[in-house]
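The values are calculated or read from the model by the stated rules, or taken from the named source; none is laboratory data. All of these numbers come straight from a predicted model, not from anything done at the bench. Every residue, glycine among them, receives a Cβ derived from its backbone with ideal geometry; neighbour counts consider all protein chains shown. The accessibility values were calculated without ligands, DNA or RNA, using every heavy atom of the protein model including side chains. Shrake-Rupley method; radii C 1.70, N 1.55, O 1.52, S 1.80 Å.
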Amino acid sequence: MLPLSQCLSSVATALQGGFLPYATPVFRRCVGLVDKNLAQSMACLSNPEQFDPPEKDFMIVALDLLSGLAEGLESAIDALVAESNILELLFQCVQDPMAEVRQSSFALVGDLTKACFSHVRPFTDRFLPILAQNLNPEFISVCNNATWAIGEVAIQMDMTQYVPMVIPHLITIINRPNTPKTLLENTAITIGRLGLVCPNEVAEHLPQFIRPWCTSLRNIRDNEEKDSAFRGVCAMIVVNPAGVVQDFIFFCDAIASWVEPKQDLKEMFFKILHGFKNQVGEDNWKRFSDQFPPLLRETLLSQYGV
């Protein structure tokens with residue numbers, strides 16, 4: 001059962017819309033497994049002498065398969081979610097004492113947010129505090145999925161009221177020694193996305209994260225997540241340019257990591273670079289840019305004329 005479900009998850013993700021003819025029974029079976037597992041947990045808690053604890057591996061695999069469906073079907077999963085109680089069940093799952101259940105639950109929150117946010121939206125005021133509570137890098141995989149899910153929600157709605165709840169944890173994670181690369185990247189992307197929707201609230205914290213933010217994202221390939229994160233940091237720099245001054249060389253290096261930014265993003269980089277150059281003056285800029293490695297200096301000159 002478990003290996004078959006894991007295999008189905010990979011197939012659903014790979015086939016995308018091609019899995020649609022098989023999606024309804026698989027979706028309903030997964031929701032039923034989660035529902036049954038949660039009911040068994042409640043029964044065991046209420047009457048441990050009469051009921052055994054559930055085998056939570058089945059719930060974890062069901063949650064992972066639902067994530068695979070959401071990732072593969074994208075918006076086509078909307079109707080299935082609409083006619084189910086999966087979000088009520090998911091709210092119970094994200095509070096589970098077992099870390100592996102929370103890990104899979106947070107991944108599903110993020111995947112459903114991407115696929116059909118209109119159904120997730122009524123639950124965000126309940127999900128976000130729990131996601132924030134799980135920004136604990138002692139539990140790497142749980143923390144990673146919680147961080148990623150917050151970033152997915154951030155590009156869908158106003159996060160102003162939640163910034164104070166999550167940003168201190170994200171700043172701690174991104175500055176923490178020996179944090180795994182994937183967690184650093186997801187943390188940087190989520191900080192950037194929060195800055196995209198709430199630049200005024202996040203910009204005041206720029207000096208606390210901009211250097212590790214830049215070094216975390218300089219090595220990832222051009223993609224939509226990187227794009228949204230850099231747009232957010234540009235918005236924050238416009239609000240609080242002084243916040244990046246001490247580490248501006250790192251921002252220059254991060255800009256140069258782009259192979260082919262979208263034209264409007266490239267224009268944002270251009271304005272920030274030239275604004276900084278004009279602010280400090282030609283002589284000071286020359287002294288500053290002379291510190292750059294040759295390749296960085298050549299890239300900025302050829303791509304941005306500074």
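So the values come out like this:
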| item | result |
| --- | --- |
| Dipole moment magnitude, nearest 20 debye, the chain about Cα centre, only Lys, Arg, Asp, Glu C-beta charged | 620 debye |
| The stretch 84-203: C-alpha gyration tensor shape, a/c 1.5 cut-off, then a/b vs b/c | oblate |
| Karplus (6.51, -1.76, 1.60) ³J(HN,Hα), θ = phi - 60°, over the stretch 120-127, in Hz, Gly and Pro reported as x | 7, 3, x, 9, 4, 5, 9, 6 |
| Gain upon complete extension [Arg287, Glu138; 0.36 nm per residue less C-alpha separation] | 49.4 nm |
| Prolate/oblate/rounded call for the stretch 195-249, Cα gyration tensor, a/c under 1.5 rounded | oblate |
| Computed label-point distance, nm, for sites Leu295 and Lys271 using a 7 Å Cα→Cβ extension | 3.0 nm |
| Carbon + sulfur, % of accessible area of the stretch 83-122 - ligands and nucleic acids excluded, 1.4 Å | 49 percent |
| Amide proton proximity set for Asp222, modelled H, under 5 Å, gap of 5+ | Val259 |
| Rounded percent of accessible protein surface that carbon and sulfur make up, the stretch 150-282, 1.4 Å probe | 51 percent |
| Linear extension gain, Asn223 paired with Ile249, 0.36 nm per residue minus alpha-carbon span | 7.1 nm |
| Structure-based [θ]222 nm, the chain - -39500 (n - 2.57) summed over DSSP H runs of at least 4, per residue, nearest 500 | -23500 deg cm²/dmol |
| Karplus-derived HN-Hα couplings along the stretch 53-60 (A = 6.51, B = -1.76, C = 1.60, θ = phi - 60°), whole Hz, x at Gly and Pro | x, x, 8, 6, 4, 5, 5, 4 |
| Global form of the stretch 141-194, assessed from the alpha-carbon gyration tensor, a/c cut-off 1.5 | prolate |
| Protein-only accessible surface order, largest first, of Met59, Met42 at 1.4 Å | Met42, Met59 |
| Residue-by-residue Karplus 3J(HN,Hα) for the stretch 283-292, coefficients 6.51, -1.76, 1.60, Hz, glycine and proline x | 5, 5, 4, 4, 4, 5, 6, 5, 6, 5 |
| Straight-distance crosslink candidates among aspartates and glutamates, where the alpha carbon sits under 18 Å from Lys277 and sequence neighbours closer than 8 are dropped | Asp247, Asp253, Glu267, Asp290, Glu298 |
| Top positive-direction residue, dipole computed over the stretch 26-72 with Cβ charges, set Ser46, Leu33, Phe58 | Leu33 |
| Thr215-Asn85 pseudo-label distance in nm [points 7 Å out on the Cα-to-Cβ vector] | 5.0 nm |
| Relative intensity, log₁₀ I(q)/I(0), of the stretch 216-306 from a Debye sum that treats every alpha carbon as a point, q = 0.19, 0.24 Å⁻¹ | -0.89, -1.47 |
| Distance-filtered residues of the stretch 90-107 - backbone nitrogen under 17 Å, label point 7 angstrom along Glu55 Cα→Cβ | 101 |
| Radius, Kirkwood style, for the stretch 16-93 when every pair of distinct Cα atoms is counted (Å) | 13.2 Å |
| Residues with amide H under 5 Å from that of Met159, placed H, sequence gap 5 or more | none |
| Simple label model, 7 Å out from Cα along Cβ direction - Glu100 to Val238, nm | 4.7 nm |
| The chain: radius of gyration over Cα atoms, expressed as a fraction of 2.2 N^0.38 Å | 1.14 |
| Accessible surface, the chain, averaged per residue in Å² (probe 1.4 Å) | 47 Å² |
| Cα lying deepest toward the dipole's positive end in the chain, options Leu184, Val233, Leu301, charges on Cβ | Leu301 |
| In the stretch 54-121, the chymotrypsin sites (Phe, Trp or Tyr not before Pro) that fall in loop regions by DSSP, at most 12 other Cβ within 10 Å | none |
